[in-house]
1. Being within 18 Å of Gly132 (Cα to Cα), surrounded by fewer than 19 Cβ atoms within 10 Å (Cβ to Cβ) and modelled with pLDDT under 90 is the requirement here; does Ser227 meet it?
2. State whether the residues of the range 94-106 include one that is at pLDDT 80 or above, open to solvent by 50 Å² or more (accessible area, probe 1.4 Å), assigned to a loop (DSSP other than H, G, I, E, B) and polar (S, T, N, Q).
3. Within the range 140-178, track down each residue that is in a strand (DSSP E or B) and either among the aromatic types (Phe, Trp, Tyr) or free of Cβ contacts under 8 Å to residues at least 60 places away in the same chain (or both).
Amino acid sequence: MTRSVAGLRWLTKVVVGVLSALIFVSLAGAALACKKTHTIQSGESFVSLAEKFYGDANKWIIIFYANPLEAGFPPRALQIGQALKLPCAGQRAASPVSTAAISRPRLDSDGVISLVVAFNLTTETGVGKAVGFASVEEVRVEIAGKPDSALAVRVDLNSLSPGPHALHIHSKPDCGPGIKDGKVVLGMAAGGHLYLYGTGPEAGQKFQSHLGDLPDITVDADGTSRSQVLAPRLRLKDVRGRSLVVHATGDDNSYRQACAVIP
């Protein structure tokens, strides 16, 4: 009798263990299951979705390429309620990844969360070969210990010359050539660098800043660049209707090699 009870208890433990394992595997599989579509919620962007579903913010371009652009409107602006396709390859359990230096994006006045702009090489006759994209989203950062606005610009570029490249926001939404001193200058139609007047993070502090002068990006030996820069004090409303320019080298005065209009 004792042996039978012991055997029954052993069998019960085995059954419970097997069931527990099956439940765990089932739950784990559900957590890792591919999510094929996602509806944009407040504060989400291509970058934040790449962090959430792929564990790598640099993979925002995967989601971007999976969602065809509207005809005649190359740049893509995400809207709350918009449905996106999510490629399964590389997906992980859907858990947000915190970023210490950057908080959630803010909404622009018309509900735009982030923008993706298309880069082309500059030519003497207009825009040339397509060379990639950049995600532009408004975030909150700390400046002098106080919260302030900033733009996070994440580039995914190709076919550029290796080395450092100056990155600027220019004042006009045009990537065509222009005439200077009687000569054709590539990208001159984009105008000069963006200067703004405003109030700094400390109450009452006024500034006149060269806010369009962004940190340099680096292009690898294969001609590609995938990196993020922060532009403090800028908001989406400050840069919409302007252009984003990649110069040929780290020299701010080098020729404008690639350009994207910010709608």
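The values are calculated or read from the model by the stated rules, or taken from the named source; none is laboratory data. Here the structure is a predicted model, which is why all the values come from computation and not from measurement. Every residue, glycine among them, receives a Cβ derived from its backbone with ideal geometry; neighbour counts consider all protein chains shown. Just the protein is used for accessible areas: all its heavy atoms, side chains included, with ligands, DNA and RNA removed. Shrake-Rupley method; radii C 1.70, N 1.55, O 1.52, S 1.80 Å.
1. Values: within 18 Å of Gly132 (Cα to Cα): yes; surrounded by fewer than 19 Cβ atoms within 10 Å (Cβ to Cβ): yes; modelled with pLDDT under 90: yes.
Against the criterion (within 18 Å of Gly132 (Cα to Cα), surrounded by fewer than 19 Cβ atoms within 10 Å (Cβ to Cβ) and modelled with pLDDT under 90), Ser227 qualifies.
2. no
3. Arg140, Glu142, Lys146, Pro147, Gly178
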